[in-house]
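Chemist: The structure's right below; bear with me while I get my questions together.
Read-outs: derived from the displayed coordinates by stated rules, not from any lab. Just so it is clear, the structure is predicted and the values come from calculations on it, not from any experiment. Here the Cβ positions follow ideal geometry from the backbone for every residue, glycine too, while neighbour counts run over all protein chains shown.
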Amino acid sequence: MLEALQDGFSKVLKNLRGEAKIRPEHIDRALEEIKTNLLEADVQFQVVKRFLENVRGKALGSEVIGSLTPYQQFVYILQSEMLNTLGTEAEFSLSARPPVVILMAGLQGAGKTTSSAKLGIYLKRKQKRKPLLVSVDIRRPAAIEQLERLAADAKIDYLNPSSMDPLERARAAINFAGTYGLDTVIVDTSGRLSIDDELMKELEDLYHGLRPKQVLYVADAMSGQQGLQVAEGFAKKIGLTGAVLSKSDADSRGGVALSIREALGVPLCFVGIGEKLEDFEAFHPDRWVGRILGMGDLQSLVEKVEQVTQDEKQKGVDPEKMAQKAFKGGLNLEDFQQQMKMMSKLGSMKSLMGMIPGMGAMAGKVDSEAMEKRLKRIDAMICSMTPSEKKHPDIINGTRKRRITAGSGTKVEELNQFLKEFYDMQKLMKRFKGAKGMPGMGGLGRLFG
Ligand SMILES: Nc1nc2c(ncn2[C@@H]2O[C@H](COP(=O)(O)OP(=O)(O)OP(=O)(O)O)[C@@H](O)[C@H]2O)c(=O)[nH]1
Ligand SMILES: [Mg+2]
């Protein structure tokens with residue numbers, strides 16, 4: 001997401017950078033452009049107004065910070081005001097006597113069920129908690145099975161109590177968690193197209209009956225301001241503690257993220273950044289502001305790489321050793337396939353690119369679906385190879401090519417192209433020998449160059 005804001009701010013800042021001296025009229029012009037940019041990104045009007053007033057006040061004030069140039073100072077003010085708007089990093093606390101209850105609320109289709117499973121994975125991995133998922137959505141016929149399927153994919157414990165009463169189902173899950181030593185119960189609720197009395201009553205009953213430690217409002221990034229207006233009604237009726245922004249990958253405007261705190265009075269805690277269950281992260285306002293102002297978000301990327309590296313090491317694969325092997329040009333197709341698997345665990349191409357400095361604006365333009373499709377076909381080709389072909393790709397002759405492509409439903413030209421790229425990559429990696437690369441990712445980037 002954020003492409004619109006990134007583009008807008010990069011234009012404003014580029015103009016300012018060119019000025020020898022920054023005068024009040026330059027600031028006014030910049031603020032005018034920022035205003036248009038924010039409104040186009042669907043940020044709430046009150047938020048925009050307050051933001052601009054604060055930036056103007058500080059920018060025209062005579063306060064000089066250390067040795068910053070006027071331009072740097074302006075960027076600094078933008079950054080700190082944006083942080084004020086987003087709020088400081090929210091502590092997502094679950095410290096209470098277990099089992100701790102998290103209630104997921106939101107409109108129909110907002111992403112509650114998906115986010116419940118994603119949150120389960122997050123808590124298990126990052127906070128070493130033992131979550132239990134339960135659905136109290138007895139309205140939509142397939143809702144319970146949907147969560148069950150996601151829980152199985154996510155390898156998170158799941159309970160389907162026999163009762164068909166929402167409150168009773170949740171209570172059964174809490175009892176179960178207590179008995180089996182699971183410390184967190186994530187309750188996925190049903191959604192509606194708009195707030196109606198029945199939905200609110202159901203949520204209020206759950207809220208009072210379960211006394212959840214966290215009540216997360218799942219907001220759909222694509223629903224824009226309209227979605228947030230409805231959410232304000234939620235916030236008034238039940239005590240929300242935080243928000244999850246789903247589908248941020250599908251939204252290029254970013255306005256909802258900047259408006260949540262003002263509209264709901266609660267901080268944004270988590271962001272859904274793709275359809276995969278791993279595409280979910282804690283919200284770090286400072287990193288987001290870095291992305292909007294074009295400084296990239298290396299930190300998130302580094303953390304993701306670390307996570308995957310750790311997972312692979314547990315399985316006996318050492319990504320660093322593999323990278324060293326790659327630099328020697330000794331990577332075979334078996335290693336390559338393993339690298340591809342690791343990459344896909346990092347999340348979608350699009351979400352990865354948004355985190356690389358300077359590539360954020362590009363992420364929206366690259367056809368990441370086509371990339372992922374191609375990787376799948378390459379994977380299929382390698383799967384159709386014999387172990388010795390994988391180890392020594394140079395033995396792959398015409399007859400073997402026909403067998404491999406027939407077996408994987410691909411074309412000989414495709415295989416030729418891939419093998420050529422693979423050899424090019426090997427050569428390149430040899431040349432880069434000694435340069436520090438990202439562990440385990442050595443060379444894959446060549447495929448998309
Ligand atoms: N791209 C993308 N899609 C998402 C994300 N989160 C959820 N979705 C998709 O949004 C759709 C709706 O998600 P659900 O989790 O079923 O939404 P819900 O709020 O539980 O829906 P109801 O139970 O019907 O109210 C699904 O197709 C999800 O795959 C996200 O972060 N990114
Ligand atoms: Mg649901």
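Chemist: Got a sec? How would Met164, Met82 order by Cβ neighbour count within 10 Å, fewest to most?
Modeler: Working: Met164 10, Met82 21.
Starting with the residue having the fewest Cβ neighbours, the order is Met164, Met82.
Chemist: With Cβ to Cβ distances under 11 Å as the rule, what net charge do the other residues near Asp379 carry (K, R +1; D, E -1)? Can you show the working numbers first?
Modeler: Details: positive: Lys341, Lys373, Arg374, Lys376, Arg377; negative: Glu372.
My count for the surroundings of Asp379 gives +4.
Chemist: What does the charge count near Gln225 come to, summing +1 for each Lys or Arg and -1 for each Asp or Glu among other residues with Cβ under 15 Å from its Cβ?
Modeler: Details: positive: Lys49, Arg253, Arg261; negative: Glu40, Asp42, Asp220, Glu232, Asp251, Glu262.
Net local charge, Gln225 excluded: -3.
Chemist: Determine the gain in length on full extension of the stretch Gln337-Ala96; use 0.36 nm per residue of separation and subtract their C-alpha separation, reporting nm with one decimal.
Modeler: Details: separation 241, 0.36 × 241 = 86.76 nm, distance 4.42 nm.
Working it through step by step, the gained length comes to 82.3 nm.
Chemist: While we're here: Where does each of Leu182, Leu16 land when they are ranked from fewest to most other beta-carbon atoms within 10 angstrom? Mind dumping the intermediate values first?
Modeler: Working: Leu182 21, Leu16 18.
Listing Leu182, Leu16 from fewest to most nearby Cβ atoms yields Leu16, Leu182.
Chemist: Right, another one. Counting Lys and Arg as +1 and Asp and Glu as -1, what is the net charge of the other residues whose Cβ lies under 11 Å from the Cβ of Glu19?
Modeler: Values: positive: Lys14, Arg17, Lys21, Arg23, Arg29; negative: Glu25.
Charge balance near Glu19 sits at +4.
Chemist: For a test of the definition: using alpha carbon positions, the gyration tensor, and the 1.5 limit on a/c, classify segment 38-166 as rounded, prolate or oblate. Display every interim value, and only then the final one.
Modeler: Working: a/c = 3.65, a/b = 2.40, b/c = 1.52.
Cα axes put segment 38-166 in the prolate bin.
Chemist: Here's a follow-up. Just flag the trypsin sites (Lys or Arg not before Pro) in segment 144-174 sitting in loop per DSSP whose Cβ has no more than 14 other Cβ atoms within 10 Å. Please list the in-between numbers first.
Modeler: Details: sites: Arg149, Lys155, Arg169, Arg171; in loops: Lys155.
For trypsin sites (Lys or Arg not before Pro) across segment 144-174 that sit outside H, G, I, E and B with at most 14 neighbouring Cβ atoms in 10 Å, the list reads Lys155.
Chemist: Please compute the alpha carbon radius of gyration of segment 100-281, then divide it by the globular-protein estimate 2.2 N^0.38 Å. Two decimals is fine.
Modeler: Working: Rg = 15.0 Å, N = 182, 2.2 N^0.38 = 15.9 Å.
Normalised Rg, Cα atoms only: 0.94.
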